[in-house]
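Asks: This is the structure I want to talk about, given as structure tokens.
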Amino acid sequence: MDPVQAQDAHHGWVNMALDTIPRMRRSHEAPSRTPDDDLPREEAQRTLRARLASDVAEGHIEPPLLPSVALELMRLTSTGAADPRDLAALIERDQMIAAKLLRAANSAMFAASREITSLGGAVNRLGVLGVRDVVLAIALKGIVVRDEPYHRIMVRLWEHALACAAISKLVAGLARVPTEEAFLAGLLHDIGKPTLLISLMTMNQETGGDLRDVGRAMFRIEALIDEFHTAAGTLVAERWLLPTQCRLAIAHHHAPNASRIVRVVHVADETSRALTAEREEGAWPAMTEDRIRAALEHACLALSQREFETLLIRADKAREDAVQAFA
Ligand SMILES: [Fe+2]
Ligand SMILES: [Fe+2]
């Protein structure tokens, strides 16, 4: 599917979904003032969409809660002069994160040949920014919701974020884009989605569980978070003080511009989605190839035939290694 078709399909999907959006109300409104049941269905749909849009436009979006160690690590590494010993001391405060960091540092993702058992060793192997990336991935995986269908959607969002992170790093290497932010930018490119998912879940719990009870709820929720996720993600990027390259990737990954990191993440995003379609929906390998070629063209990112084949061969392995590292 070329980018224009993809865009049309996306809008068609959103419009179709909006036809079936349930009636909801914001939490701060008194339930007795305007009973939702009295509103015509289309008006209720438009109202919900408008309210989500206005929440995003006015910045009434709460980023997901992250462990304090992860937030502190972002602050420490944002200056570019973090001392590895400070990093190790910080991570030691959270034994769960420390254990998961060691596990990741010993995984195939970091081509580990010799086992390391200390945090200092992990920091040496991964480097300051590598530690930041891994701790952020651990923190993101830790954003868990229990109720369905939100739980299932959150798991899929995590799987996609991780795949996109690993493939962004691969694409950056193949396209010779000198960046240390490819993994993080890929990991966080859709951060607006879990953010909105949690908002919708809260809204829905306060308004009677309509989204959860209707059969096509997953479909509708995904359409809604799809529509607003880049704007919501931009708000999260500001609150978390993310590096500029990550902010650009979050804001523009569906419409690549001159920024090379945005182009890289666009290609990684499409590659990751094409591989998921091949793995889970039985899409043909030729379709994966076409989709990745279209993404490269859309992003104006040139790969030689050999580099393209390397991407095809290594992308799924990069994803699998990342899954193992954070299992
Ligand atoms: Fe996206
Ligand atoms: Fe994505």
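Throughout, read-outs are computed from the coordinates displayed, never taken from laboratory work. Source: prediction; values computed, not measured. Ideal geometry is used to build each Cβ from the backbone, glycine not excepted, and the neighbour counts take in all protein chains shown.
Asks: Where the centre of each part is set by its Cα atoms, how far does segment 134-169 sit from segment 216-268, in angstrom?
Replies: Cα centres, segment 134-169 to segment 216-268: 15 Å.
Asks: Now for a different question. Between beta-carbons, use under 11 Å as the cut-off and find the net charge around His229, counting Lys and Arg +1, Asp and Glu -1. All intermediate terms of the calculation are to be shown ahead of the outcome.
Replies: Numbers: positive: Lys193; negative: Asp190, Glu222, Asp226, Glu227.
With Lys, Arg at +1 and Asp, Glu at -1, the neighbours total -3.
Asks: Right, next: Picking from Ile153, Leu196, Pro178, whose Cα lies most toward the positive end of the charge dipole for segment 148-325 (charges on Cβ: Lys, Arg +1; Asp, Glu -1)?
Replies: Ranked along the dipole, the leading option is Pro178.
Asks: Determine the dipole magnitude for segment 246-327: charges of +1 sit on the beta-carbon of Lys and Arg, -1 on that of Asp and Glu, nothing else is charged, the reference point is the Cα centre, and the result goes in debye to the nearest 20. List each step's numbers first, then the result.
Replies: Details: 11 positive and 13 negative charges, 76 e Å.
In total the dipole reaches around 360 debye.
Asks: Okay, next question. If each residue's Cβ is checked for other Cβ atoms within 10 Å, how do His229, His189 rank with the fewest at the top? It would help to have the intermediate numbers written out before the result.
Replies: Working: His229 25, His189 32.
Going from least to most buried by this count: His229, His189.
Asks: Write down Rg/Rh for segment 51-172, rounded to two decimals, with Rg from the C-alpha atoms and Rh from the Kirkwood relation over Cα pairs. Don't skip to the end; give the middle numbers.
Replies: Details: Rg = 16.3 Å, Rh = 16.0 Å.
Rg/Rh: 1.02.
Asks: Can you give the convex hull volume of the alpha carbon atoms of segment 148-325 per residue, in Å³? Working shown, then result.
Replies: Details: hull volume 20.7 nm³, N = 178.
Value for segment 148-325: 116 Å³ per residue.
Asks: Could I ask something else about it? With a 10 Å Cβ neighbour count serving as the proxy for reagent exposure, in which order, fewest first, do Asp321, Asp269 appear?
Replies: On the way: Asp321 17, Asp269 25.
Ordered from fewest to most neighbouring Cβ atoms within 10 Å, Asp321, Asp269 come out as Asp321, Asp269.
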